[in-house]
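Below: one structure, written as structure tokens.
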Amino acid sequence: MTIADTTTVGQIAAESPNATRELEKIGIDYCCGGSRTLGEACAEAKISVDEVLERLQKATAAPKPDADKNWQDQPLADLIAHIQGTHHVFVRGECPRISALAEKVVGVHGKNHPELAEVQAVFSGLAGELSVHLMKEEQVLFPYIVRLEEASVAGEPAPPAMFGTVVNPVRMMMQEHDGAGEALREMREATKNYSLPEDACASYRALYEALQGFEADLHQHIHLENNILFPRAVAAEKRE
Ligand SMILES: [Fe+2]
Ligand SMILES: [Fe+2]
């Protein structure tokens with residue numbers, strides 16, 4: 001694809017997994033902020049759009065042997081299995097580990113670094129919301145999307161759903177994604193982009209590393225849902 005400053009960030013991310021990694025490095029939010037054009041996103045992040053275009057072109061031009069699958073043309077059932085097997089498993093494994101780390105670091109450094117208590121509170125809220133969010137996806141929305149795809153392949157009408165059209169749960173999940181994106185931003189702001197103070201111990205370091213890893217994974221996770229899975233599910237329902 002040709003990337004221009006008028007291309008939306010979501011389109012760029014949906015077309016190329018390499019582009020999502022580059023956007024992550026540059027600091028442009030491509031999941032919840034996916035509807036903005038690249039020009040708008042660059043203006044907001046105060047970086048030169050020409051420089052970003054050059055970096056993206058380089059990243060997307062270089063074919064990497066281990067490049068991720070392009071989920072745009074894979075079956076939705078496979079994409080769902082990938083999301084659950086990779087990202088949902090990661091969230092469930094990391095939440096208790098990060099909570100325990102935060103507890104420890106706040107106990108030792110909380111007095112000198114009040115932002116740690118804020119991070120702990122925001123993360124605990126995020127972890128709680130995510131646990132319910134993943135359950136809703138796994139028990140309601142994802143199984144329905146699999147049935148929707150099966151019906152679409154068989155040339156049958158969309159199966160009946162208690163929520164009416166798939167647009168409704170999709171909208172709800174996307175609102176929850178926005179909330180999660182906001183929590184990630186709050187933690188990044190409170191920690192001044194995860195910069196470690198001089199007296200940081202190994203646990204402090206581990207906590208900040210874990211939070212940044214959690215952020216990168218959640219961005220990729222939300223991107224796959226917001227920019228690929230959900231639009232394709234809505235299109236399958238409409239038979240576009
Ligand atoms: Fe998910
Ligand atoms: Fe989600």
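The values are calculated or read from the model by the stated rules, or taken from the named source; none is laboratory data. In this text, all values refer to a predicted model and were calculated from it rather than measured experimentally. Glycine also receives a Cβ, built like all others from the backbone with ideal geometry; neighbour counts cover every protein chain displayed.
Looking only at segment 152-173, filter to residues that are surrounded by fewer than 16 Cβ atoms within 10 Å (Cβ to Cβ) and in a helix (DSSP H, G or I); which one of those is farthest from ligand 2 (Cβ to nearest atom)?
My answer is ALA154.
I'd like to know if segment 112-119 contains one or more residues that are within 14 Å of ligand 2 (Cβ to nearest atom), assigned to a helix (DSSP H, G or I) and modelled with pLDDT of 95 or more.
So far as segment 112-119 goes, no, none of its residues is within 14 Å of ligand 2 (Cβ to nearest atom), assigned to a helix (DSSP H, G or I) and modelled with pLDDT of 95 or more.
Does GLU103 satisfy the criteria of being assigned to a helix (DSSP H, G or I), over 18 Å from the mean Cα position of the chain (by Cα) and either under 20 Å from ALA202 (Cβ atoms) or within 16 Å of ligand 2 (Cβ to nearest atom) (or both)?
When the stated conditions are applied, GLU103 passes them.
Please verify whether segment 168-188 includes one or more residues that are of a type in the set (D, E, K, R), over 22 Å from ASP217 (Cα atoms) and either without any contact (Cβ under 8 Å) to a residue 60 or more places away in the chain or away from ligand 1 (no atom under 15 Å from the Cβ) (or both).
Looking for residues that are of a type in the set (D, E, K, R), over 22 Å from ASP217 (Cα atoms) and either without any contact (Cβ under 8 Å) to a residue 60 or more places away in the chain or away from ligand 1 (no atom under 15 Å from the Cβ) (or both), one finds none in segment 168-188, hence no.
Being more than 15 Å from ligand 2 (Cβ to nearest atom), under 13 Å from the mean Cα position of the chain (by Cα), aliphatic (A, V, I, L, M) and in a helix (DSSP H, G or I) is the requirement here; does ALA210 meet it?
Taking the combined requirement at face value, the residue does not satisfy it.
Test of understanding: among LEU79, LEU126, which residue is part of a helix (DSSP H, G or I), under 27 Å from ASN18 (Cβ atoms), touching a residue at least 40 places away in the same chain (Cβ under 8 Å) and within 16 Å of ligand 2 (Cβ to nearest atom)?
LEU79
Does MET187 meet the test of being in a helix (DSSP H, G or I), within 16 Å of ligand 2 (Cβ to nearest atom), among the hydrophobic types (A, V, I, L, M, F, W, C) and at pLDDT 95 or above?
Against the criterion (in a helix (DSSP H, G or I), within 16 Å of ligand 2 (Cβ to nearest atom), among the hydrophobic types (A, V, I, L, M, F, W, C) and at pLDDT 95 or above), MET187 does not qualify.
Going residue by residue through segment 138-151, is there one that turns out to be hydroxyl-bearing (Ser, Thr, Tyr) and within 12 Å of ligand 1 (Cβ to nearest atom)?
Taking every residue of segment 138-151 in turn, none turns out to be hydroxyl-bearing (Ser, Thr, Tyr) and within 12 Å of ligand 1 (Cβ to nearest atom).
Which of the residues that make up segment 211-240 are over 16 Å from GLY27 (Cα atoms), of a type in the set (A, V, I, L, M) and surrounded by 16 or more Cβ atoms within 10 Å (Cβ to Cβ)?
LEU224, ILE228, LEU229, ALA233, VAL234, ALA236, listed by residue number.
Going by the structure shown, is ARG239 of a type in the set (Lys, Arg) and either closer than 15 Å to LEU116 by Cβ or away from ligand 2 (no atom under 15 Å from the Cβ) (or both)?
Taking the combined requirement at face value, the residue satisfies it.
Of the residues that make up segment 34-44, is at least one in contact (Cβ under 8 Å) with a residue 60 or more places away in the chain, within 16 Å of ligand 2 (Cβ to nearest atom) and not in a helix (DSSP H, G or I)?
Scanning segment 34-44 turns up at least one residue that is in contact (Cβ under 8 Å) with a residue 60 or more places away in the chain, within 16 Å of ligand 2 (Cβ to nearest atom) and not in a helix (DSSP H, G or I).
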